[in-house]
């Protein structure tokens with residue numbers, strides 16, 4: 001489920017978000033901000049920032065989560081490379097709506113399997129462990145909104161607005177996917 005979830009997320013990125021210049025949320029967005037000011041490899045910055053997040057995940061969630069998140073992060077990197085030639089839809093409204101929905105639901109698959117895609121997804125799971133009243137999707141939206149609002153000046157108001165819609169829909173899709181997935185697990189275990 002982790003590999004399928006990351007494949008679908010990467011495909012949705014290239015199909016809907018990249019062709020419409022939807023601003024990169026999450027750790028990728030943070031790395032892009034830093035990359036504008038510091039002449040260091042973006043890949044190195046990404047790896048550097050993932051280390052403390054993985055340590056936090058290990059402390060609050062456990063080793064199984066970290067192992068599955070490592071699989072998620074590596075498979076996400078692989079699929080982002082494999083799908084880089086996908087030709088997407090150049091329709092900004094379609095891109096932000098479909099990009100948000102079709103990237104959020106697969107992330108829910110990854111989370112249901114007990115992992116994450118790395119980066120801020122780990123922070124969202126940790127925050128949810130500390131404050132369980134906050135849903136993972138809501139936490140994702142809030143963290144991503146802060147990141148995107150910080151980079152919005154680089155892209156302009158329209159791209160910023162479309163990105164806010166996309167990350168809101170992604171957060172909602174994560175919550176819906178997690179809720180439905182948990183209900184399905186309950187129904188399956190009750191009928192067994």
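Read-outs throughout are calculated quantities, based only on the coordinates presented, and are distinct from any laboratory measurement. The structure displayed is predicted, hence computed values, not measured ones. Every residue, glycine among them, receives a Cβ derived from its backbone with ideal geometry; neighbour counts consider all protein chains shown.
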### Task
Find, to one decimal place in angstroms, the Kirkwood hydrodynamic radius of segment 102-143, where the mean of 1/r is taken over every pair of different Cα atoms and then inverted.
10.3 Å
### Task
May I ask for the Rg/Rh ratio of the chain, computed from Cα atoms with Rh as the Kirkwood radius, given to two decimals?
0.96
### Message
With angles folded into 0 to 90 degrees, how steeply does helix 120-130 sit against the dominant principal axis of the chain? Use alpha carbons for both and round to 10.
### Response
40 degrees
### Summary
In degrees, nearest 10, the alpha-carbon axis of helix 157-191 is tilted away from the dominant principal axis of the alpha carbons of the chain by 10 degrees
### Query
Put a dot 7 Å past each Cα toward the Cβ at residue 161 and residue 91; how far apart are the dots in nm?
1.9 nm
### Task
Grab the Cα-Cα distance for residue 44 and residue 142, subtract it from 0.36 nm times how many residues apart they are, and report the gain in nm with one decimal.
32.7 nm
### Message
Order these by the 10 Å Cβ neighbour count, fewest first: 21, 121.
### Response
21, 121
### Message
Taking a ≥ b ≥ c as the square roots of the Cα gyration tensor eigenvalues, with a/c under 1.5 meaning rounded and otherwise prolate when a/b beats b/c, else oblate, which class fits segment 9-56?
### Response
oblate
### Query
How would you rank 163, 70, going from fewest to most other Cβ atoms within 10 Å of each one's own Cβ?
70, 163
### Message
Test of understanding: in a Gaussian network model of the chain with alpha carbons linked when under 10 Å, which of 105, 22, 67 would top the mean-square fluctuation ranking?
### Response
67
### Query
Exposure proxy check: 184, 73 ranked by fewest other beta carbons within 10 Å?
184, 73
### Task
Using only Cα atoms, find the angle between the long axis of helix 92-112 and the longest principal axis of the chain, and express it within 0 to 90 degrees, rounded to the nearest 10.
30 degrees
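So what is the relative contact order for the chain, in percent, with contacts set as C-alpha pairs under 8 Å and at least six apart?
Details: 292 pairs, mean separation 66.8, N = 192.
Relative contact order comes out at 35 percent.
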### Task
Find the centroid of the Cα atoms in segment 73-136 and in segment 27-46, then give the distance between the two in whole Å.
19 Å
